[in-house]
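Trainee: For reference, the structure I am asking about is given below.
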Amino acid sequence: MNAPKEYHLNDEADTTSLGAKIAKHLTSGMTIFLSGQLGAGKTCLTRGILRELGYHGSVKSPTYSLVETYAINNKKISHFDFYRLSAAEELFEAGFEEHFSEENICIVEWPEKIATVIDTADVLIQFEIVGTSRKITLESETLMGKKLIEGVSHEI
Ligand SMILES: Nc1ncnc2c1ncn2[C@@H]1O[C@H](COP(=O)(O)OP(=O)(O)OP(=O)(O)O)[C@@H](O)[C@H]1O
Ligand SMILES: [Mg+2]
């Protein structure tokens, strides 16, 4: 929808701080896809988002549970990690499609695993490991996503 924005993040603190900036522009019903190899920083960015929204507990990686849900102030967030999902159809078997609603914010690690059933998000975030740091690309697929990326870019 617009030119991707690229950021270089030197350490974990940079990643959580970008997450905090993203959190400020999140609105109900948005879906964010986080793509990138194992250990690239997807959960770390999610932690930054949740902390900024006001969650102070531990942010667990939903590697085995597939989803962790949070109710923070007036926002509901579902954080998925589909790495262990063997077939996209399992999404329906587990009743997960209900999370992708107008009220809920969905943050999805390993969205490639569900691509045959959910193939669009408001914002696509791509992580790349570059030496000891990370390169992150933000791209929007909807107007809501575009506004979020513009909002974030004004803070950096
Ligand atoms: N910008 C950064 N530069 C260097 N290291 C980083 C950066 N951001 C996060 N890390 C480190 O990357 C590691 C892995 O992070 P994280 O668990 O968030 O990855 P992930 O993408 O969620 O992996 P997985 O696919 O296994 O769930 C952590 O040790 C974290 O400290
Ligand atoms: Mg993770």
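Trainee: Got a sec? Which of Ser78, Ser65, Ser86, Ser61 is hydroxyl-bearing (Ser, Thr, Tyr) and within 23 Å of Lys24 (Cβ to Cβ)? Lay out the reasoning, then the answer.
Mentor: Details: Ser65 fails: within 23 Å of Lys24 (Cβ to Cβ); Ser86 fails: within 23 Å of Lys24 (Cβ to Cβ); Ser61 fails: within 23 Å of Lys24 (Cβ to Cβ).
After applying the criteria, what remains is Ser78.
Trainee: Still on this structure, please answer the following. State all residues of the stretch 2-50 that are of a type in the set (D, E, K, R), surrounded by fewer than 18 Cβ atoms within 10 Å (Cβ to Cβ) and within 16 Å of ligand 2 (Cβ to nearest atom); if no residue qualifies, say none.
Mentor: Glu12
The rows are residues; the columns are (1) surrounded by 15 or more Cβ atoms within 10 Å (Cβ to Cβ); (2) at pLDDT 95 or above; (3) closer than 25 Å to Ala13 by Cβ.
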position	(1), (2), (3)
Gly54	no, yes, yes
Gly57	no, yes, yes
Leu66	yes, yes, no
Ala87	no, no, no
Glu109	yes, yes, yes
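Trainee: Would you confirm, using the coordinates I've provided, whether Ile77 is touching a Gly at 6+ places or on another chain (Cβ under 8 Å), surrounded by 20 or more Cβ atoms within 10 Å (Cβ to Cβ) and touching a residue at least 24 places away in the same chain (Cβ under 8 Å)? Steps first, please.
Mentor: Values: touching a Gly at 6+ places or on another chain (Cβ under 8 Å): no; surrounded by 20 or more Cβ atoms within 10 Å (Cβ to Cβ): yes; touching a residue at least 24 places away in the same chain (Cβ under 8 Å): yes.
Judged against the criteria, Ile77 is not a match.
Trainee: I need the full set of residues from the stretch 106-142 which are among the small types (Gly, Ala, Ser), within 11 Å of ligand 1 (Cβ to nearest atom) and at negative phi, in order please. Can you show your working first?
Mentor: Taking the stretch 106-142 and keeping what is among the small types (Gly, Ala, Ser), we get 115, 121, 131, 133, 140.
Within this subset, residues satisfying the condition of being within 11 Å of ligand 1 (Cβ to nearest atom) are 131, 133.
Hit for the stretch 106-142 is Ser133, nothing else.
Trainee: Right, here's the next one. Considering each residue of the stretch 33-71, count those that are within 13 Å of ligand 1 (Cβ to nearest atom) and either of a type in the set (D, E, K, R) or within 11 Å of the chain's Cα centre (by Cα) (or both), and give that number.
Mentor: 15
Trainee: Tell me which residues, restricted to the stretch 14-31, are under 17 Å from Lys76 (Cα atoms) and either part of a loop (DSSP other than H, G, I, E, B) or touching a Ser or Thr at 6+ places or on another chain (Cβ under 9 Å) (or both). Spell out the reasoning first.
Mentor: Filtering the stretch 14-31 for residues under 17 Å from Lys76 (Cα atoms) gives 19-20, 22-31.
Correct list: Gly19, Lys24, His25, Leu26, Thr27, Ser28, Gly29, Met30, Thr31.
The values are calculated or read from the model by the stated rules, or taken from the named source; none is laboratory data. Quantities reported herein were computed from a predicted structural model and do not represent experimental measurements. No Cβ is skipped: glycine too gets one built from the backbone with ideal geometry, and neighbour counts run over all protein chains shown.
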